[in-house]
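First the structure, in the form of structure tokens, and then the observations on it.
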């Protein structure tokens with residue numbers, strides 16, 4: 001029987017390598033439920049034999065808790081690499097760092113303690129987002145004499161979001177595969193193929209960094225050794241997909257002796273999820289019965305473990321119901337608020353569940369002297385087209401010219417909209433209709449009035465649009 005079990009386990013590994021993870025897990029479950037699958041040999045510190053309180057003290061012995069923003073990583077932060085830094089230069093009063101990658105240059109400056117990209121140089125073209133930088137380009141070109149910095153560009157282009165161009169110079173995927181060469185497992189989550197990889201073949205309690213890469217080769221989750229403690233982070237864009245639990249399970253299988261350096265609230269939930277899964281594994285395998293019979297585990301402690309599991313399952317079911325209710329409420333119908341000065345593009349679900357995640361674009365016109373310009377113009381990347389159409393249409397409906405030249409205001413990219421405008425120096429005249437903004441605004445007004453008779457959600461819509469952490 002032991003030989004049969006080993007053959008099935010080998011078959012399970014082959015299935016995982018072929019991305020048939022679900023089938024592999026089904027085989028392992030069948031083995032564990034069979035009477036021949038033995039209780040683990042070393043269960044002295046197994047989390048499956050701990051009550052929930054014991055487990056949390058075991059993982060977080062110093063009972064440290066961190067604010068959620070302490071480890072608030074997104075995909076960009078998780079995929080930063082240390083490029084060559086051949087030198088610095090001054091643009092105006094700013095000390096600018098030159099960061100050289102294999103495919104180009106990033107120019108960055110320190111702003112309030114945070115490094116900010118101000119320009120990207122790729123294929124002899126310089127991309128920048130601050131129109132005020134134009135005044136300093138002459139001094140920047142003079143620095144081309146620094147051959148070691150390779151600051152060479154023949155063309156400049158003003159863009160809205162520099163983050164879209166950073167990827168041109170930083171070959172992240174290639175770097176990730178080189179940095180994490182050891183393949184642990186191929187998985188599929190929400191129909192997306194992902195890979196679990198490590199910086200080296202993991203050894204017991206070796207603390208080798210383990211990551212999850214998406215199909216673009218970007219790190220979306222990472223578990224690592226932080227001064228002898230465990231740090232597990234998941235990119236903001238991938239939260240809610242269970243990656244923390246998947247990665248945590250793999251990490252602690254390889255590093256059972258590691259503790260947490262402190263929990264964020266989401267990190268604690270992830271740890272509890274790992275504990276719950278291990279307890280259910282003991283239950284389904286019949287291990288608890290064997291351990292009670294052999295006096296390794298007392299009946300009283302088992303009852304406490306099962307009571308904790310029941311309590312956690314009850315809470316999880318309540319949270320799942322609330323999530324399902326929210327999903328049902330999401331209409332997917334896009335509304336456009338417009339009052340001639342401000343436009344906001346948002347999902348109708350906001351009127352039932354005011355949350356900034358339902359707000360997709362925001363624009364606010366201001367004037368200074370004879371200039372009318374967009375003081376704020378922000379959008380999620382997938383809403384750039386409709387946001388630009390709304391921005392230009394609002395100006396046309398007002399019968400105004402839009403200033404889009406140098407200065408401290410938000411810039412609108414006009415690529416693809418040349419047929420709708422006339423460029424008059426630094427001004428834009430919109431000559432053709434792009435969307436029926438007045439009709440959309442009227443529809444939004446009716447919807448909002450039906451759902452917000454006292455105007456409270458309308459006020460919140462403005463506040464959250466202004467304060468939302470838009471892409472940069």
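Since every read-out is calculated from the coordinates, none of them should be taken as a lab result. Because the structure is a prediction, the values reported are computed rather than measured. Neighbour counts run over all protein chains shown; Cβ positions are idealised from the backbone, glycine included.
Take peptides 303-309, 248-254 and line them up by average Cβ neighbours within 10 Å, highest first, as a rough protection proxy.
Details: 303-309: 16.1, 248-254: 19.1.
Descending mean neighbour count gives 248-254, 303-309.
Taking neighbour Cβ counts within 10 Å as the exposure measure, how do 195, 230 sort from fewest upward? Working shown, then result.
Values: 195 19, 230 22.
If I rank by nearby Cβ atoms, fewest first, I get 195, 230.
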Based only on other Cβ atoms within 10 Å, what is the fewest-to-most ordering of 292, 169? 292, 169
